Structure formats: C-alpha cells, structure tokens
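The structure under discussion appears below in the form of structure tokens.
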Amino acid sequence: MEAAAVQSSSANGRPPDAPHRAGLVQRLVSGVARQVTRRIPAADLDERDPDYIRESLPGTWLLASLYFRGEVRGLGNIPENGPVLLVGNHSGGNVTPDTGVFTLAFTAYFGVERPFYQLAHNLVLSLPGLGFLRKYGTVAASPSNAQKALEAGAALLVYPGGDFEVHRPVWERHKVDFDGRKGFIRLALQQDVPIVPVVSVGGQETALFLSRGETIAKLLALDKLFRLKVLPISVAPPWGLNVGDFLGHLPLPAKITVEALPAIHLREEFGPDPDTGEIYDHITRVMQETLDALAAERRFPVIG
Amino acid sequence: MRAVRRCEIHAPPALVWEWIGDPARYLHFMSGITRWEVVSERPTGLGARYRTLMRVRSAEVGGLVEVVEWRRPTDLAWTSVTGVDQRGRWRVRERGRARTEVELRISGGVAGSGVLGWLAERIAQPTIEDHLERSLQQLKRQVEHEQLRSRAAARRRARAA
C-alpha cells in the first residue's frame, strides 16, 4: 500500500515522497559533513604564535576585566615547567568565556613564551573567522594531537565534558559533568604528566541554556556526521531562540571565576597501576566540591 | 602608560635603600605584587634578575626583569626581558637631615597592540598608580617603624650599660 502511494505521488508530479526526501537530506548533511571535515586544519603546534598572543593580550584583558570581571586563582598550583594536563569543566555553549579568561591569566602569569595548547571541537576550528584560535595554540581535539602537545613539553588544556557539558541546561550550571569520559586520565598516565583540575563558574550564565537536544541530535545522526552528541537549544542574544548555537551568540556579561587546584600526580597518589575509575571519581569529586564553593560565593546570577 | 608616585620618609637614604635594594622584602611592602622572585645567581646589584607579577584587575601581569642601574643609595632601575614591556625605577634623594624623598616610577605597555593596547593602558593606569601609592605608604610605615624600633633598642642597651 505504501509502495502504491509512492507510485501515485510520483505519477501526479507532486513533491518527492518521504523516503526520497530523507535520502536527500541525508546526502545533503553528509555533503556538509565532508566539507566540514575537509576544513579541519591538520594540527601543527608551530601555528601557535607567541608574538600574536602578546599583542592581543590588552584586548583580551579588556574583555576579561571589564566585561566578564574575570578572577583567576591558584595559578601557583600549576607546575612552573614541563608538560601538564589542565582539566577543566566546560561552560558557555559555543562561546566559552571561561577559556578566554583562563588563557589570558595563564599567558600573563607564565609568559607567552611557555607553550600552551587547548583542545577544541572540530567544528570550532572549521568555522570561518575563527582561524585566529590556532595562533593561540588551539588544536583539534584528538588523542594524537594531545600526545603531540604533551610530548613537546607543553601545558595542555582539555575539557573532557566537551559538547555534552558545555550545553548543559542552566539549572545544572553548578554541576561538573564529564559524561563518564576518561580519555584524559589514560592520556595523563600514558604521558606520565600531572593533572591540574581547573574549575570555573559563571560561564553557564552567559545565556539561558534550555536543553542539550540530545534526541534531535540522535535523530539527525549528528554524532556520526560531526561528532556532535547534542543540538542545544537556548535563549541568547542576538538570536532570541537559538537552536544549535552554530553561529555562536553574544554572551551575557556574567562574572567568571576560575580556580586551578593542586596538581595530581597520578602514580604517586594512586599507585603504579592505577584504576582509571577511581581517578575519575576523585577528580570529578574535588572539582565538584570546588565548584560548589565557588557557586556559594555568588549572590546573584550573571552579576556574580 | 607611565605612573609616578613619590613620598617623603623620615629616615636617612641608607636605611630606605636597605628596603628597596632587598628583593626579599618586596612582597612585604609592594602593593599588588604577587611575585618578586630572584632567578639570577646574585640576588641584588647590576644584572640581578627577578620574576615579577603584579595583579591588575583580572590578570597577574609581569615577566622576567633585569636590574640595569644600581647606584647605592640613589637609583635602582629595571627593565623587562620577557613578558609585558616595562621599566621601573626607584629614585632616592636626601632632603635635609634624616629625611628622604622616594620616587617610584613604572612605565610599560605592549608594543604592537594598537588601539586596544592604548585603551587597556589607560584603564589599567589608575590601578597601577594605586598600587604605587600604597607601596610607598607601606614602605614609609615600615622604614620609619623599623627606625623607631632600632632607636628604642639602642636606648634600652644604653640604659642597661
């Protein structure tokens, strides 16, 4: 009967039927995915440009100081030299002010000369107009890029929660949620580098995040095409209702506070053959405790 | 950006120099300074190097500085080797008996940062001037207090003798 309906529809010269449309959409999305994949730059650590970072420090400082009233504590907890894995909780949707505030503080504190890289989602690096991020040391998130950076003796900032955590609804803004991802622990063990947890608060108040839209993302197969587990829905200027946040948004001027915690030397604290589950529980617990303390300091949303 | 502040201290220049020539004391009287760490073999004198940081709103700004002028007890100047471009100078001048005028200057910026750099310097200037003012007041209080303490100790020793 369905086949008959299809024949009838085609014969009448009406618009293509549902299965045909689905195939068309699938081909279109696959085409876009191929384009995006092609645009992802190969990781080249040499693209980081210390002079560019130094020259742009005043602009970043203005934004961090005046707009976000940024405050970064505990930078003294980060080892002075050598490779280190900085593990942060991710906030702010596709515009992540806490990353900007922390990057400014790190480069001002240790000097632009210290190699510092950040892992970012493929989509971020392939968007037009964001090429400058590579000069800051932002590379596509992948185990091989992370290894390259650490083997080069750099400090590496990762957000294990990634797109899942960064688009959490606003009522979960004071929650560390890595979605059970433990790759960062395996990386730290493999490279034998300390982990410094970096906890931030305020980023998830820069827009009204309503839903991750996981079901829609699954229906559209965004995970297979773009490594996206979510299709976030938020209310944010200048769009109003913002689905996907692909073009970013104008963040509200929420006060951002970031705290770097004491370094965790995994094998010293958890033995020569540590259990990644135990380490994961420990790290997320200390980060959640710190986030609770930072959240308790805030009296009002956005204002801080 | 250029910030200058001065004050008069009721103590001889040599005593003031004991404070400003000693990097170990900077964290005790310099306002906004979160690090003043010796990184050279010699802790003081021409060529001594320090890692310095000053909190200016959302960031601790600084870098590696080197002492480029050391004339005891009148002038101490440093300039940045890495980090934000900066120069600093202590000028210590005798003004009558046991009176010293102390001037602290800091100038700096980021070459090539354009209009945003100019704007950032203007906005940061009041914070830096405030740090200099507080630093001088704390230096004055500590030097004069130290002088009173040593005089009292001398009187006690004289009485005991």
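What to note about this one:
- Neighbours by Cβ (under 7 Å, 6+ apart or cross-chain): first from segment A:254-271, of a type in the set (Asp, Glu); second at pLDDT 95 or above and buried (at least 21 other Cβ atoms within 10 Å of the Cβ): A:Glu259/A:Val199; A:Glu259/A:Thr290
- Residue match in segment A:87-109 (condition: facing chain B (nearest Cβ under 9 Å), within 17 Å of B:Val56 (Cβ to Cβ), in a helix (DSSP H, G or I) and without any contact (Cβ under 8 Å) to a residue 40 or more places away in the chain): yes
- B:Arg87 within 15 Å of the chain's Cα centre (by Cα), over 29 Å from A:Pro50 (Cβ atoms) and either surrounded by 14 or more Cβ atoms within 10 Å (Cβ to Cβ) or within 14 Å of chain A (Cβ to nearest Cβ) (or both): no
- Only a single criterion out of (1) among the β-branched types (Val, Ile, Thr); (2) part of a loop (DSSP other than H, G, I, E, B); (3) farther than 28 Å from A:Arg267 by Cα is not satisfied by A:Val193, namely (3).
- Counting only residues that are over 27 Å from A:Val235 (Cα atoms) and within 14 Å of another protein chain (Cβ to nearest Cβ), segment A:62-86 holds 9 of them.
- Residue within segment A:76-98 that is under 14 Å from B:Ala59 (Cβ atoms), among the aliphatic types (A, V, I, L, M) and either modelled with pLDDT of 95 or more or assigned by TED's automatic domain parsing to the domain that holds A:Leu187 (or both) present: no
- Only one of the numbered conditions (1) away from chain A (no Cβ under 14 Å); (2) surrounded by 15 or more Cβ atoms within 10 Å (Cβ to Cβ); (3) not in a helix (DSSP H, G or I) is violated by B:Gly63, and that is (1).
- Residue match in segment A:135-144 (condition: surrounded by fewer than 17 Cβ atoms within 10 Å (Cβ to Cβ), at pLDDT below 95 and not in a helix (DSSP H, G or I)): yes
- Count of segment B:115-135 residues which are away from chain A (no Cβ under 14 Å) and under 15 Å from A:Pro58 (Cα atoms): 0
- Residue check, A:Val193 within 20 Å of the chain's Cα centre (by Cα) and among the aliphatic types (A, V, I, L, M): no
- Candidate set: segment B:13-60, residues that are under 15 Å from A:Val72 (Cα atoms) and under 14 Å from the mean Cα position of the chain (by Cα); chosen: the one farthest from the other protein chains (Cβ to nearest Cβ): B:Gly32
- Only one of the numbered conditions (1) touching a strand residue (DSSP E or B) at 6+ places or on another chain (Cβ under 9 Å); (2) surrounded by fewer than 21 Cβ atoms within 10 Å (Cβ to Cβ); (3) closer than 22 Å to A:Ser65 by Cα is violated by A:His265, and that is (3).
The values are calculated or read from the model by the stated rules, or taken from the named source; none is laboratory data. Predicted, not measured: the structure shown is a model, and the values here were computed from it. Neighbour counts are summed over all protein chains in view; Cβ atoms, including those assigned to glycine, are modelled from backbone coordinates with ideal geometry.
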